Amino acid sequence: MRFRSHTSHRAVALAAVVVLGAALLAGCAQDGEEPGTTSSGGGTGSKGKLTVTIGNFGVFGYKQAGLYDEYEKLNPGITIKETSIERLDQYYPQLLTHLGTGSGLQDIQALEVGNIAEIVNRHPDKFVDMGKAQGVDKNSFVPWKWAQATTASGKTVGLGTDIGPIAICYRTDLFKQAGLPTDPEEVGKLWAGDWQKYVNVGKDYMANAPKGTAFVDAAGGVYNAAISGSVERYYDEDGKLIYKVNSAVKEAWNLAMDVIDGKMTAKLKQFDQTWDQAYANARFATVSCPPWMLGYIKEKAGTKAADQWGIAPAPRPANWGGSFLGVPEAAKNKDEAIKLATWLTAPAQQAKLFEKQGSFPSSQVAYELPEVAGAKHEFFDDAPIGEIFTDAAKGVPTLVLGEKDQIIQNTITDVGILQVEQQGKTPAQGWAAAVKDIDNALDQ
């Protein structure tokens, strides 16, 4: 998942919609015991109870969805205590430190997809093999999600929580004014199979665009969506850095340059305040959106935009975001932690979390459950979001993940593309600036 100032975009999106208190919208954790943390659950546990601790970042939504309470009722001898650090750039270095010392670890630790390759490659011995846990069925997860947390030797360091299959959210009112179809099926056909078709639709939109609007929010968003469906991006299967020569990166970069050159972008940086305001002011017609962004759009666009947003399939399946639950070998309550992590990521619980919090399941078994299969979103004109995101999830390829994917992608979008989009630099200058910063970050 992408980050803003190293803060999880998922955390930003979920926390932003707490005030709405509706289905598919995220809540907010309680104040914590330490600065920068939040705690929930049964504290240290009452006499005779065993406390299972969970460490995560942002808002995973288990407490808000009532899953901790449900588990404690099913298991009277267990109390759950959650500690959440909002910023991933604080959470992950602390986790690495604790893994190194073997102390200070929670019984369950959340692992973000942007860091999972480093855990799999460098620290698999620090985690329990969840693939061998009782009640875990690898076939219940979408194959590419399971593969992300599994070593070459077959050890699975974490069980998948949510994923972020990408769709395209679009303003039906702006599309109508520009002479484009508004029905989701017809809109999807406009760009089916090719991101270049999406850019071409942008050209058609801009030819008749309502005054003051752009086709897309940010060129970086186009790049992110396009590259997130490519099997190889920044590293190859042998762990070799290839982003400078990878044709998929070049194609995604060129798409971003095309929308800039065609003046199709609102020149925004995603998750900045101006981006939030642009939703309310209807400044752009489309945005690439995973399920966790729907509540964010609803909150920022406001009630006046109800039924003016639609959702259509993206040109090609892609994924933006997702996490895992792992149990450290040094966990104090390892056996109970394994049981809890297995239960939280089981199909039924993933379906409940989607229904109440908007976190789309990584369990393909959950896609058949009514909470997912029949899901619609009232704000988006009752769009069948369960069907749309399920189809997208099933089509996502197994991506080759690298240890520094997050740094590379953020630098390409937030340095290289933004310099072209907002500062008027040439594509060559923007790319050179990104490469320089990436080389410095990776000590190349």
Boolean, residue 404 is at pLDDT below 95 and either outside the structural domain of residue 120 (by TED's automatic domain parsing) or under 19 Å from the mean Cα position of the chain (by Cα) (or both): yes
Pairs with Cβ under 6 Å, 6+ apart, first in the stretch 374-401 and under 18 Å from residue 168 (Cβ atoms), second basic (Lys, Arg): 379/298; 382/376; 384/376
Subset of the stretch 156-189 (residues that are of a type outside the set (Gly, Ala, Ser), touching a residue at least 24 places away in the same chain (Cβ under 8 Å) and part of a helix (DSSP H, G or I)): 172, 173, 174, 175, 177, 184, 185, 187
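With respect to residue 336, determine if the residue is touching a strand residue (DSSP E or B) at 6+ places or on another chain (Cβ under 8 Å), of a type outside the set (A, V, I, L, M, F, W, C) and part of a helix (DSSP H, G or I).
Values: touching a strand residue (DSSP E or B) at 6+ places or on another chain (Cβ under 8 Å): yes; of a type outside the set (A, V, I, L, M, F, W, C): yes; part of a helix (DSSP H, G or I): yes.
For residue 336, the condition - touching a strand residue (DSSP E or B) at 6+ places or on another chain (Cβ under 8 Å), of a type outside the set (A, V, I, L, M, F, W, C) and part of a helix (DSSP H, G or I) - is met.
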The stretch 370-401, subset crowded, with 16+ Cβ neighbours inside 10 Å, out of contact with any helix residue (DSSP H, G or I) (no Cβ under 6 Å at 6 or more places or on another chain) and of a type in the set (Asp, Glu), residue modelled with the highest pLDDT: 387
Checklist (1) at pLDDT 95 or above; (2) over 15 Å from residue 319 (Cα atoms) applied to residue 410, failing item: (1)
Hits in the stretch 288-319 - residues which are touching a helix residue (DSSP H, G or I) at 6+ places or on another chain (Cβ under 6 Å) and assigned to a strand (DSSP E or B): 288, 309, 310, 311, 312, 313
Within the stretch 392-444, tally of residues that are touching a Pro at 6+ places or on another chain (Cβ under 7 Å), in a loop (DSSP other than H, G, I, E, B) and over 16 Å from residue 226 (Cβ atoms): 1
Checking residue 350 against (1) outside any helix (DSSP H, G or I); (2) buried (at least 24 other Cβ atoms within 10 Å of the Cβ), the condition it does not meet: (1)
Qualifying residue in the stretch 103-114 (condition: among the hydroxyl-bearing types (Ser, Thr, Tyr) and surrounded by 15 or more Cβ atoms within 10 Å (Cβ to Cβ)): no
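The values are calculated or read from the model by the stated rules, or taken from the named source; none is laboratory data. Computed from a predicted structure; not experimentally measured. For neighbour counting, all protein chains shown are included, and Cβ atoms are generated from backbone atoms with ideal geometry for every residue, glycine included.
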